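The values are calculated or read from the model by the stated rules, or taken from the named source; none is laboratory data. Here the structure is a predicted model, which is why all the values come from computation and not from measurement. Counting neighbours? That spans all protein chains shown, and the Cβs are built from the backbone with ideal geometry, glycine included. What goes into the accessible areas is simple: the full protein's heavy atoms, side chains included, and nothing from ligands, DNA or RNA. Shrake-Rupley method; radii C 1.70, N 1.55, O 1.52, S 1.80 Å.
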Amino acid sequence: MDKTDVLIIGGSAGGPVAGITARRHYKDAKVTVIRKEKQGQVLVPCGLPYIFGTVGTPEKNIIPDALLTGNNIDFLVDEATSIDRGAKTVATASGKSIGYDKLVLAIGGLPIIIPIPGNDLENVFCAKKDVDYINALLKTLEGVKDVVIIGGGFIGLEFADELKKRGLNITIVEMLPHCLQLVFDEDFCSVAENKLRERGIGVKTKVQAEAILGKTKVEGVRLNTGEELKADLVFMCIGVRPNTELAQKAGLKIGETKGIWVDDYGRTSDEDVFAIGDCAEKKSFFTKKPSNLRLASIACNEARIVGANLFGLKRRNEGVIGSFATIIGDSGVGLAGLTEMAAKGAGFEVVTSDVKTPDKHPGSMPGATEFRVKLIFERATQQILGGQVCGGGTVGEVVNVLSALIQNRMTADAVATFQYGTHPFFTPSPIPYPIVNGAEVALGKLRN
Ligand SMILES: Cc1cc2nc3c(=O)[nH]c(=O)nc-3n(C[C@H](O)[C@H](O)[C@H](O)COP(=O)(O)OP(=O)(O)OC[C@H]3O[C@@H](n4cnc5c(N)ncnc54)[C@H](O)[C@@H]3O)c2cc1C
């Protein structure tokens, strides 16, 4: 039997970061990662859509194995098949038994396939993080003209936008009144939808895919309105469910959102077994209630908490804020924290502001784009609860700034006086700087 101090199952976003953090905090520990992907075949999960347009091949979208080997982390290509918590061993598909002191489950999520007739036809695909699967999809796309994407969340939109770059006819089918409605307020959803339509992508909202049509291969999609859409390929993008089979078989507790239950330190119901990322239960930073947010940035954050906590509790997880951005054409939209709708839904009385300014100064600077920031503050405490932004290429990092303000529970007055830097090429002008300007506008409303 092999023995390691720290055994991590999963080698994509969360697993390696947990390993590197363990190495930083416990420099003499033997750290081992087991993962299913072969050498040099771990896909950058968030880069999947870009394989189909911008980047071109799976080989250009790989997390290097040097991330592990360069940090003195052993890795094993194998599948963990069971955990014996009493003996503290993990059995693998190749017949190995590996002993551990501390075990980290970073086994991710599984794409949800909606249970409608035809979901097993040839040319029905989903967002699987697997090189062979992606290559098969790329090959299939060579003979395809019409694609229906079921699900108008950010993953569906990113695939639609990238597949459009191949000259395909794309239609998105979304059952809610708007695409991205689970993550943005309505007016920001409209910005994204307008951009999709401008790019020639069909957007059908408030409709459900009822059946995928075809004898052996996809020929179309029937909607609950009776309308039939022509399709050679269907892409299901309706999210992931936590991968918990291994944990369930080992008798670990499962949480309300069906993720592996963890405490504020990332420990499962067994104190020597931790869970992070898409497989683990989450709670909201704001309400402390279970949250369905599953992102690579969250997986890596949890990995940094758990990696430090393995042999002594050092870091506490305050819950997920939820920060991310996406791009359609050349327009970025992003969010940190709660939308106005989500904040009100959670019982907060809020004050909002919505400001616009060019993202460079003066606005005549080449490449300047209008930048819009909507901020949400809690009326009672005046603390910032969320921010949404749309504009050009700087959206992603502005979202991260907002996330830092939220995590530090800054009040509108503190946000209005936070010290920022500006430069004509990189940022909006210091005079109408949108985050502080938005906070001043909200303060004006709070005073009244
Ligand atoms: C198309 C797409 C775009 C996305 N874009 C973004 C984005 O822009 N920003 C963002 O923050 N998030 C994004 N996400 C979400 C993000 O990809 C996930 O949240 C993230 O990958 C979760 O990381 P993880 O480590 O928990 O799990 P995963 O990345 O799913 O990795 C799971 C790992 O576990 C291994 N594994 C599973 N079972 C076993 C077993 N039994 N034995 C051995 N190994 C096992 C797998 O081989 C894999 O290595 C996107 C997701 C998709 C699908």
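For segment 1-50, which trypsin sites (Lys or Arg not before Pro) are in a loop by DSSP, counting at most 13 other Cβ atoms within 10 Å? List each step's numbers first, then the result.
Details: sites: Lys3, Arg23, Arg24, Lys27, Lys30, Arg35, Lys36, Lys38; in loops: Lys27, Lys30, Lys36, Lys38.
Those that pass, being in a loop and sparsely packed, are Lys27, Lys38.
Taking a 26 Å limit on the Cα-Cα distance, which of the listed pairs Lys27/Lys288; Lys88/Lys129; Lys102/Lys282; Lys288/Lys374; Lys102/Lys253; Lys88/Lys249 fall beyond it?
Beyond 26 Å between Cα atoms: Lys27/Lys288; Lys88/Lys129.
Convert 4 °C to kelvin, take the viscosity as 1.567 mPa s, use the Kirkwood radius over C-alpha pairs of segment 256-358 as Rh, and evaluate the Stokes-Einstein diffusion coefficient in µm²/s, rounded to a whole number. Spell out each step's value before the answer.
Numbers: Rh = 15.3 Å.
D, rounded to a whole number, is 85 µm²/s.
Under the Karplus relation 6.51 cos²θ - 1.76 cosθ + 1.60, θ = phi - 60°, what is the ordered set of whole-Hz ³J(HN,Hα) values for segment 344-358, x standing for Gly and Pro?
3J(HN,Hα) across segment 344-358, in whole Hz: 5, x, 8, x, 7, 8, 10, 10, 10, 9, 8, 10, 10, 6, x.
Under the definition of Cα pairs under 8 Å and six or more residues apart, what whole-number percent is the relative contact order of the chain? Walk me through the numbers on the way to the answer.
Values: 1023 pairs, mean separation 58.2, N = 448.
The normalised contact order for the chain reaches 13 percent.
Roll a 1.4 Å probe over the protein chains and send me the accessible area per residue for the chain in Å². It would help to have the intermediate numbers written out before the result.
Working: 19580 Å² over 448 residues.
Using a 1.4 Å probe on heavy atoms only, each residue of the chain averages 44 Å².
Segment 85-131: D in µm²/s via Stokes-Einstein (Kirkwood Rh, Cα pairs, 25 °C, 0.890 mPa s)? Walk me through the intermediate numbers first.
Values: Rh = 14.6 Å.
Diffusion coefficient, whole number: 169 µm²/s.
Let's test the formula: R0 of 35 Å, r as the Cβ-Cβ distance of Asp132 and Lys206. What FRET efficiency results, to the nearest 0.05? Don't jump to the answer; show the numbers that get you there.
Details: r = 37 Å, r/R0 = 1.05.
Calculated value: 0.45.
Between Val33 and residues 5 or more places away or on another chain, which pairs have amide H atoms under 5 Å apart, with H built 1.01 Å from N, and which residues are they?
Ile8, Asp74, Phe75, Leu76
So what's the back-of-envelope 222 nm ellipticity for the chain, counting only DSSP H runs of four-plus at -39500 (n - 2.57) apiece and dividing by all residues, rounded to 500? Could you put the intermediate results ahead of the total?
On the way: 11 runs with 108 residues, N = 448.
After summing the helix terms and dividing by residue count, I get -7000 deg cm²/dmol.
Check which residues have an amide H placed less than 5 Å from Leu110's amide H, if you skip close sequence neighbours.
When sequence neighbours closer than 5 places are left aside, the close amide H contacts are Arg241, Asn243.
When the Karplus curve 6.51 cos²θ - 1.76 cosθ + 1.60 is applied with θ = phi - 60°, which whole-Hz ³J(HN,Hα) does each residue of segment 323-335 get, with x for Gly and Pro?
So the J values, rounded to whole Hz, are 10, 6, 9, 9, 9, 10, x, 10, 9, x, 9, x, 9.
Explain nothing, just compute: Karplus ³J(HN,Hα) = 6.51 cos²θ - 1.76 cosθ + 1.60, θ = phi - 60°, for every residue of segment 219-232 in order, whole Hz, x for Gly and Pro.
The phi angles translate into 10, x, 9, 9, 9, 6, 8, x, 5, 10, 9, 6, 7, 9 Hz.
What is the spin-label model distance, in nm, from Lys445 to Lys258 if the labels are put 7 Å beyond Cα along the C-beta direction?
Once both label points are built, they end up 3.7 nm from each other.
Which residue fluctuates most in the GNM of the chain (Cα springs below 10 Å): Thr257, Thr225, Thr205?
Of Thr257, Thr225, Thr205, the Gaussian network model singles out Thr225 as fluctuating most.
Looking at segment 290-448, I'd like the Rg to Rh ratio, where Rg is from alpha-carbon atoms and Rh is Kirkwood's inverse mean 1/r. Provide the component values of the computation, followed by the final result.
Values: Rg = 16.6 Å, Rh = 16.5 Å.
The Rg/Rh ratio comes out at 1.00.
Could you list which residues have their amide H under 5 Å from that of Gly332, counting only those 5 or more apart in sequence or on another chain, with H placed in the peptide plane?
Sorted by chain and number, the residues that satisfy this are Gly391, Gly392.
Stokes-Einstein D for segment 116-221 at 4 °C, 1.567 mPa s, Kirkwood Rh over Cα pairs, in µm²/s? Write down the numbers at each step before the final one.
Values: Rh = 14.5 Å.
Rounded to a whole number, D works out at 90 µm²/s.
Dividing the alpha-carbon radius of gyration of the chain by 2.2 N^0.38 Å (N being the number of residues), what value is obtained? Present the calculation step by step, with values, prior to reporting the outcome.
Values: Rg = 23.0 Å, N = 448, 2.2 N^0.38 = 22.4 Å.
Taking N as the residue count of the chain, the ratio is 1.03.
What is the pair-distance distribution P(r) of segment 1-80, computed from all Cα-Cα distances in 5 Å bins starting at 0, with each bin given as a whole percent?
Final binned percentages: 3, 16, 26, 21, 15, 10, 5, 3, 1, 0.
Starting from segment 336-388, pick out the trypsin sites (Lys or Arg not before Pro) whose DSSP state is loop and whose Cβ has at most 14 other Cβ atoms within 10 Å.
On the way: sites: Lys344, Lys356, Lys360, Arg372, Lys374, Arg379; in loops: Lys360, Arg379.
Those that pass, being in a loop and sparsely packed, are Arg379.
First compute the accessible area of the chain with a 1.4 Å probe, then give the percent of it belonging to carbon and sulfur atoms.
Details: 9890 of 19580 Å².
The computed percentage sits at 50.
So what is Rg over Rh here for segment 232-291, counting just Cα atoms and using Kirkwood for Rh?
Numbers: Rg = 13.6 Å, Rh = 12.5 Å.
Rg/Rh for segment 232-291 comes to 1.09.
For segment 310-448, what relative contact order do you get, as a whole percent, if you take Cα pairs closer than 8 Å and at least 6 residues apart? Each step should come with its number before you reach the end.
Numbers: 275 pairs, mean separation 37.1, N = 139.
That works out to 27 percent.
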